[in-house]
Structures are given as structure tokens and as C-alpha cells.
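J.: Okay, here's the structure, questions in a sec.
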Amino acid sequence: MLLGGCASVVRPRHQKNDYEQMMKRAEKNGWVFERKAKKFQGRCPAGRCLVTIPLTPSSQRTLANRQSDIDRCPH
Ligand SMILES: [Zn+2]
């Protein structure tokens, strides 16, 4: 598998639209999401806050929890 620098790679979409929209909003605020094996990993603009977004979330609460993690970022 070839992994180059992450900046020029287009992020694959999340299969769940709710999560895709959440990541899009965060990206507008400077977050960067990287696709990993079973999840997306998000990093805030300062690179200090990390969120992990599962590809197959177990419950609807996961969405709200990840959203509040993102909102809590002070950067
Ligand atoms: Zn942050």
C-alpha cells in the first residue's frame, strides 16, 4: 500500500451521511481526517485534539459524542 503525504490525498467519504457531514463541518474549521483501518482519525487545527470516528458506529450516541469532542476543542 502506498501512503504519501496526507495533505494532497482526498479523504474517502464516510459511508454514513451524518458522520460525513460532521467531518465536513469540522474540516471547514481546519480539522484533518485520515482514513485508518477501521476508523477515521481526526486532528484539530493545532494537532492536539484527536477524535476517532468508527466506520461502523455502534449507536447514534457515537455521533453526538464525537461532535461534542470536536466542539470542545479550544484551538
Ligand atoms: Zn484542538
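J.: How do I53, I70 line up, fewest other C-beta atoms within 10 Å first?
T.: Working: I53 23, I70 19.
In increasing order of surrounding Cβ atoms, one gets I70, I53.
J.: Normalising by the residue count of the chain, find the relative contact order in percent from Cα pairs under 8 Å and 6+ residues apart.
T.: On the way: 68 pairs, mean separation 16.4, N = 75.
The normalised contact order for the chain reaches 22 percent.
J.: Could you name the aspartates and glutamates in cross-link range of K39, using Cα to Cα under 13 Å and dropping any fewer than eight places away on the same chain?
T.: E20
J.: Return, ordered by residue number, the residues of region 41-75 whose backbone nitrogen is under 13 Å from a label point located 7 Å along Cα→Cβ of D18.
T.: Backbone N within reach: 54, 56-68.
J.: Okay, moving on. Taking every pair of alpha-carbon atoms in region 33-75, what share in percent sits in each 10 Å bin, from 0 to the bin with the longest distance?
T.: Calculated P(r), rounded to whole percents: 29, 53, 17.
J.: Between Rg and the Kirkwood Rh of the chain, both from Cα atoms, what is the Rg to Rh ratio? Present the calculation step by step, with values, prior to reporting the outcome.
T.: Details: Rg = 12.0 Å, Rh = 12.7 Å.
Computed over Cα atoms, the ratio is 0.94.
J.: With springs only between Cα atoms under 10 Å apart, run a GNM on the chain and tell me which of A64, A37, A26 wobbles the most.
T.: Highest fluctuation among the options: A37.
A short reminder: the numbers here are calculations on the coordinates, not readings from a lab. Since this is a predicted model, take the numbers as computed values, not measurements. Glycine gets a Cβ as well: all are built from the backbone with ideal geometry, and neighbour counts include every protein chain shown.
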